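Read through the structure below, which is laid out as structure tokens, and then see the notes.
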Amino acid sequence: MKSKYRPCIWFEGDALEAAQYYAEVFPDVSIGEISYHPEGQPDFNKHMEGKPLIVLVSFGEQEYIFLNAGPAFPASEYFSIEVMCEDQAEVDLYWDRLLADGGTESACGWIKDKFNHDWQITPKRYFELMADPANEKPVMDAIYQMSKIIVADLEAAAVNAS
């Protein structure tokens, strides 16, 4: 256990599949310990017996708990994972990978993956541009028009603000 504080993400029975998928999408994702639902579950949870209960997943140095708990609570945009990308090529790479196999685009760099969980694919350049107060409005006006964030368009908006 590396992290004292670990976000717990609820899955509807596919936590291990999701962990394996994310390990293919991102180079620094690793799967750690897996614990399983024991036999003798209450009737409402019988279908989970013997299936993974908790999958420990590390995204770089940040650990997450993937919890297989069923459909009681839907995933929502209240929780997302932001991927800080070095450049447009990395934005494109992760955007395309997370859209594959049933992901859906949203606005302002957000994607809902095939497991119904939300991601923000954000170029580092966005934060660099936003550090200048003169860029805040034009950069945000530009980003509101985007699904996938395009670094060149953010830079053009910032230049036009000068």
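Can you give me the angle between helix 151-161 and the longest principal axis of the chain, using Cα atoms only, in degrees from 0 to 90, rounded to the nearest 10? Between helix and principal axis, roughly 40 degrees.
Calculated translational diffusion coefficient of the range 74-162 (4 °C, 1.567 mPa s; Stokes-Einstein with Kirkwood radius over alpha-carbon pairs) equals 97 µm²/s. Normalised by the number of residues in the range 96-162, the average gap of Cα pairs under 8 Å and 6 or more apart makes the relative contact order 30 percent. Angle of helix 15-25 to the longest C-alpha principal axis of the chain, folded into 0 to 90 degrees and rounded to 10: 40°.
Distance between the modelled labels on Lys124 and Ser106, one decimal in nanometres: 2.5 nm (7 Å Cα→Cβ projection). Give the angle, between 0 and 90 degrees and rounded to the nearest 10, that separates the Cα long axis of helix 88-99 from the longest principal axis of the Cα atoms of the chain. Here the helix axis deviates by roughly 40 degrees. Amide H contacts of Ile149 (H built 1.01 Å from N, in plane; Pro and chain starts excluded): Gly109 sit under 5 Å, all sequence-distant by 5 or more or on other chains. Of the residues Ala156, Pro38, Gln88, the one whose Cα sits farthest toward the positive end of the charge dipole of the chain, with +1 on the Cβ of Lys and Arg and -1 on the Cβ of Asp and Glu, is Pro38.
Orientation-averaged projection of the chain equals 10.6 nm² [convex hull of Cα atoms, one quarter of hull surface area]. About its Cα centre, the range 1-73 has a charge dipole of approximately 240 debye under the convention of +1 per Lys or Arg Cβ and -1 per Asp or Glu Cβ, with nothing else charged.
Placing unit charges on the Cβ atoms only, positive for Lys and Arg and negative for Asp and Glu, gives the chain a dipole magnitude near 340 debye about its Cα centre.
Taken together, the values in this text are just the output of simple stated rules run on the coordinates, not laboratory data. Computed from a predicted structure; not experimentally measured. Using ideal geometry, Cβ is built from the backbone for each residue, glycine included, and neighbour counts are taken over all protein chains shown.
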